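Enquirer: I'd like to ask some things about the structure below.
The values are calculated or read from the model by the stated rules, or taken from the named source; none is laboratory data. Values in this document were obtained by computation on a predicted structure and should not be read as measured data. As a convention, Cβ positions derive from the backbone with ideal geometry for all residues, glycine included, and neighbour counts pool all protein chains shown. The area values use the complete protein model at the heavy-atom level, side chains included, leaving out ligands, DNA and RNA. Shrake-Rupley method; radii C 1.70, N 1.55, O 1.52, S 1.80 Å.
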Amino acid sequence: MEEFKYLIPEESGDAISLDARKLRLIEGSLRKIFDAHNYEELMLPTFEYVDFYASIRDQAEDSMFQFVNSDGKRIALRTDFTLPIARIYNNERTNEVKRYSYFGKVYRLAKRHKGRSSELYQIGTELIGLGGKAGDQECLSLIEETMASLDLKDLKIELGSAKFYLRLMELVKDDRLSGILEKKQLSEMKRFIKEKGITGSLARLLENLPTAFGSYEELMAFKDYVKDFELLDAIDRMAALYEGSKHKEDIIFDLCMVPSQPYYTGVMIKGYSYYSAYPILSGGRYDKLLSYFDNEVPAIGFSYHINTLLNAYVKEGEADD
């Protein structure tokens, strides 16, 4: 028992090392930007019903910190902010455009010895009720503005498309494609095409897909392999976002991007630092999520992964020494 005076649980190991002063500076900078664009800050509950998350996200319950409350019902520590915010919007009984922001922790059981914390600090926004190009452009512009405020060098914004991914899965009808795309495995893709007996334009598209990432020019060149209308539309939507950007030099594309959330339906966005192997930011469009509440409303949002972001500051500082 004596050891517990000096140790903390492995799940919280990363939390104690965070630079509180730097965290508060980031919070202040982002809060100022969010306020300037009329994003209302929300305080959200720490506890949710397990069934609330499981039924909407089809989220594996073994990733939740679970408890049984005094009523005998299963509750969990908050695993994300998007779902509770969607509920708040729905409870307002409106279809008006609403802008929300949040600052706080989420709790997810991480695999042991993977160097990942289970106690994660996030800062983000949700834009609900504004669909199409206008909503996507507002979200991207806000990301660009906030990233410019971070005072980090060599930041990039990567665009993908859940619409492109979901259409591919419809055409191929094999879940193995997801893993091949995620790892960009060219040899596995060729083996997959041969095994499935895929031919023609779809085969040519899949053969070239593992290398379909990079610049705007490379994205446009890849269109030559695409014959399906829905796939072409997904690419065109990404291109339109790029064309409306004020920071085109910082934008790259990845048609192999696999949705990190099961509710994504359109554009997906990741932010990267040269000094981090993991995204410092992620987000996307989720136009079907509100249908869980019988409310068809378009939405898009993003969040900064502050643990990863603070580590990037440390690595950049070490590189500059």
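Enquirer: So, in the range 93-115, of the ones that are under 29 Å from Ser29 (Cα atoms) and outside any strand (DSSP E or B), which residue ends up modelled with the lowest pLDDT? Can you show your working first?
Expert: Of the range 93-115, the ones under 29 Å from Ser29 (Cα atoms) are 96-108, 115.
Pick out the ones that are also outside any strand (DSSP E or B) and you get 96-97, 108, 115.
Working: Glu96: 95, Val97: 97, Arg108: 88, Gly115: 55.
Applying the filter and picking the extreme gives Gly115.
Enquirer: Quickly run through the range 125-160 and pick out the residues that are more than 18 Å from the chain's Cα centre (by Cα) and under 17 Å from Thr82 (Cα atoms).
Expert: Result: Gly129, Leu130.
Enquirer: Applying the selection to the range 22-43, what residues are part of a loop (DSSP other than H, G, I, E, B) and touching a strand residue (DSSP E or B) at 6+ places or on another chain (Cβ under 6 Å)? Before the answer, list the steps.
Expert: So in the range 22-43, the residues part of a loop (DSSP other than H, G, I, E, B) come out as 37-39, 42-43.
Residues satisfying the conditions are Asn38, Tyr39, Leu42.
Enquirer: Restrict the check to the range 309-321 and report whether at least one residue is part of a helix (DSSP H, G or I), hydroxyl-bearing (Ser, Thr, Tyr) and open to solvent by 30 Å² or more (accessible area, probe 1.4 Å).
Expert: yes
Enquirer: Residues in the range 245-252: is at least one part of a strand (DSSP E or B) and in contact (Cβ under 8 Å) with a residue 40 or more places away in the chain?
Expert: The first filter runs over the range 245-252 and keeps only residues part of a strand (DSSP E or B), leaving 251-252.
So of that shortlist, the ones also in contact (Cβ under 8 Å) with a residue 40 or more places away in the chain come out as 251-252.
Scanning the range 245-252 turns up at least one residue that is part of a strand (DSSP E or B) and in contact (Cβ under 8 Å) with a residue 40 or more places away in the chain.
Enquirer: Which of the residues spanning the range 269-297 are out of contact with any Leu (no Cβ under 7 Å at 6 or more places or on another chain), surrounded by 24 or more Cβ atoms within 10 Å (Cβ to Cβ) and under 30 Å from Gly317 (Cβ atoms)?
Expert: Hits for the range 269-297 are Leu281, Gly283.
Enquirer: Consider only pairs whose beta carbons are under 7 Å apart and that are at least six residues apart or on different chains; among these, list those whose first residue lies in the range 89-108 and is within 26 Å of Glu296 (Cα to Cα) and whose second residue is of a type in the set (D, E, K, R) and crowded, with 16+ Cβ neighbours inside 10 Å.
Expert: Pairs found: Tyr89/Lys98; Tyr100/Glu126.
Enquirer: Scan the range 210-263 for residues that are hydroxyl-bearing (Ser, Thr, Tyr), at pLDDT 95 or above and in contact with a Phe, Trp or Tyr (Cβ under 7 Å, 6 or more places away or on another chain) and jot them down.
Expert: Of everything in the range 210-263, those that are hydroxyl-bearing (Ser, Thr, Tyr), at pLDDT 95 or above and in contact with a Phe, Trp or Tyr (Cβ under 7 Å, 6 or more places away or on another chain) turn out to be Tyr216, Tyr242.
Enquirer: Hey, Leu44 hits all of (1) out of contact with any Pro (no Cβ under 7 Å at 6 or more places or on another chain); (2) of a type in the set (A, V, I, L, M, F, W, C); (3) open to solvent by less than 60 Å² (accessible area, probe 1.4 Å); (4) closer than 27 Å to Ser149 by Cα but one; which does it fall short on?
Expert: Here Leu44 clears every test but (1).
Enquirer: Which condition breaks for Cys256 when tested against (1) hydrophobic (A, V, I, L, M, F, W, C); (2) in contact with a Lys or Arg (Cβ under 6 Å, 6 or more places away or on another chain); (3) free of Cβ contacts under 8 Å to residues at least 12 places away in the same chain?
Expert: Of (1) hydrophobic (A, V, I, L, M, F, W, C); (2) in contact with a Lys or Arg (Cβ under 6 Å, 6 or more places away or on another chain); (3) free of Cβ contacts under 8 Å to residues at least 12 places away in the same chain, only one is false for Cys256: (3).
Enquirer: For Tyr165, work out the one condition from (1) farther than 21 Å from Ala312 by Cα; (2) at pLDDT below 95 it doesn't fulfil.
Expert: (2)
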